[in-house]
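Trainee: The following block contains the structure, expressed as structure tokens.
Read-outs: derived from the displayed coordinates by stated rules, not from any lab. Nothing here was measured: the structure is a model prediction, and the numbers come from that model. So basically every Cβ, Gly included, is an ideal-geometry build from the backbone, and we count neighbours across all protein chains shown.
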């Protein structure tokens with residue numbers, strides 16, 4: 001009996017020492033995109049930040065529906081300045097009995113890490129709507145209507161650091177002005 005108890009005790013001790021301890025992650029944020037010394041990270045509250053050389057800039061606060069995809073960082077060099085253009089997409093679906101919306105959101109932000117300021121922020125939405133419309137008052141006959149619309153400007157970054165904001169018939173070019181430290185309309 002003593003031999004069995006001793007054998008069980010030795011076996012349980014050897015098994016407990018043989019198991020590996022789980023390593024704790026020392027990172028408090030998860031990087032989702034990197035470019036050189038810049039990276040986009042989530043913090044514990046699921047806020048989205050741009051981190052450049054230990055300086056952080058808040059890109060977007062967390063809300064329950066926020067789920068960015070295709071996050072990209074593009075360094076923008078203008079003479080001695082280096083800015084970062086952060087772009088991400090988001091798909092949002094809303095649905096009721098009579099209406100379904102599929103919204104594709106594209107967000108573009110250009111940041112100056114030296115002053116931690118947002119130079120330009122642009123949001124573009126493409127909305128596809130499928131709606132059931134009743135043709136009479138008694139709601140006996142209906143048809144499904146499909147509509148597409150867009151909100152905001154299309155953003156196009158040029159290799160020179162300039163960018164275009166476009167709509168259907170209108171296109172505006174912006175260039176960085178070093179005197180005012182911001183983007184202005186280029187004529």
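Trainee: Along the Cα-to-Cβ line of residue 32, 7 Å from the Cα, sits a label point; which residues in region 73-107 have backbone N less than 14 Å from it?
Mentor: Zone members listed by number: 73, 86-92, 105-107.
Trainee: Another question, if that's okay. Would you please calculate the Kirkwood hydrodynamic radius of region 70-185 over all C-alpha pairs and express it in Å, rounded to one decimal?
Mentor: Answer for region 70-185: a Kirkwood hydrodynamic radius of 16.8 Å.
Trainee: Starting from the Cα coordinates of region 66-128, work out the convex hull volume and express it per residue in Å³.
Mentor: Here the figure is 84 Å³ per residue.
Trainee: Rounded to the nearest 0.05, what FRET efficiency do residue 139 and residue 168 give with R0 = 41 Å and r taken as the Cβ-Cβ distance? Could you check?
Mentor: According to the calculation, E is roughly 0.70.
Trainee: In nanometres, what is the gap between the two model label sites at residue 42 and residue 146, each 7 Å from Cα along Cα-to-Cβ?
Mentor: 3.3
Trainee: Full extension from residue 179 to residue 63: what is 0.36 nm times the residue separation minus their Cα-Cα distance, to one decimal in nm?
Mentor: Answer, rounded to one decimal: 38.1 nm.
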